[in-house]
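Below is one structure, written out as structure tokens, with a few remarks after it.
The values are calculated or read from the model by the stated rules, or taken from the named source; none is laboratory data. This structure is a prediction, so every number in the text was calculated from the model and none was measured. Note that each Cβ is placed from the backbone with ideal geometry, even for glycine, and that neighbours are counted across all protein chains shown.
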Amino acid sequence: MSFIPQALTQASTWHYLCGQARLCISADDFETGDLVSCAAEAAVVLDLAGELLDALAAAGLVSAADWQWVAQSGAISVSGAQASWRGAEVHAQLSLPWATLRALGKAPEVPGLQWHATPAECVLAHWRLGEEELAALEPGGLLLLEAPATCQPRARAEAAGEAPWQLVARWEQPLPLEVVMGWGDALPAVPVHCQLIDASRPEVARARGRLIPWGTGQALRIDSL
């Protein structure tokens, strides 16, 4: 009895890992019948996405030879930049580590790969605040910037960096990945309202407010805690 997928109607899905990269391949015209997916089937399906794998390897993103089939898809936690690709016989969902993309100077040339928009924020400033300084924060108060505000865009899912306290402005709508990475069009206008976050818990805002001129520099005027 053959373990090679046979043509049928319902799509089957195979999952693969390569370091921190994740790949999910769906073959519309294949199914395994009553058989549990095996390594032989997974190898056949992976080969059907060979055009994608070769392009990823040529772009220096992932080695085509290093993908490993994962029998239990529930063990895969999807993170990183997301993209879709469709070939002649399969379509794929790809996840690549943010650090891999940040190391590139320009958009990788992978024909047919469509990057997904991602929730994004702009890092405006950062501090190393002590407990007394944090305790002094209050609505209507000010937190002086140590240097002029800059705009460093990043995906909200990216690592927050080393500075423990950061001032970020978050766009309400997801941005094209090419814009966040600096590969494409200019950034949209930076949101007026911003948040002071703890880099270890970026989902929690310690203070909310807006930047205002202050002397020869700028300050965060705190609206709420």
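What residue, among those in the range 176-213 that are among the small types (Gly, Ala, Ser) and farther than 27 Å from Leu104 by Cα, is modelled with the lowest pLDDT? That would be Ala205. Look at the range 152-172 and say how many of its residues are free of Cβ contacts under 8 Å to residues at least 40 places away in the same chain and more than 16 Å from Arg102 (Cβ to Cβ). Residues in the range 152-172 being free of Cβ contacts under 8 Å to residues at least 40 places away in the same chain and more than 16 Å from Arg102 (Cβ to Cβ): 3 in total. Exactly one residue out of Ala103, Ala120, Ala169 is under 30 Å from Gly50 (Cβ atoms) and of a type outside the set (D, E, K, R), and it is Ala103. Quick one: would you say Glu121 is under 29 Å from Gly217 (Cα atoms) and loosely packed, with under 12 Cβ neighbours inside 10 Å? In short, no. Hey, any hits in the range 171-184 for a residue that's in contact with a helix residue (DSSP H, G or I) (Cβ under 6 Å, 6 or more places away or on another chain) and surrounded by fewer than 17 Cβ atoms within 10 Å (Cβ to Cβ)? For the range 171-184, residues in contact with a helix residue (DSSP H, G or I) (Cβ under 6 Å, 6 or more places away or on another chain) and surrounded by fewer than 17 Cβ atoms within 10 Å (Cβ to Cβ): present. Selection of the range 140-149 for residues being closer than 18 Å to Ala169 by Cα, in contact (Cβ under 8 Å) with a residue 60 or more places away in the chain and of a type outside the set (A, V, I, L, M) yields only Pro148.
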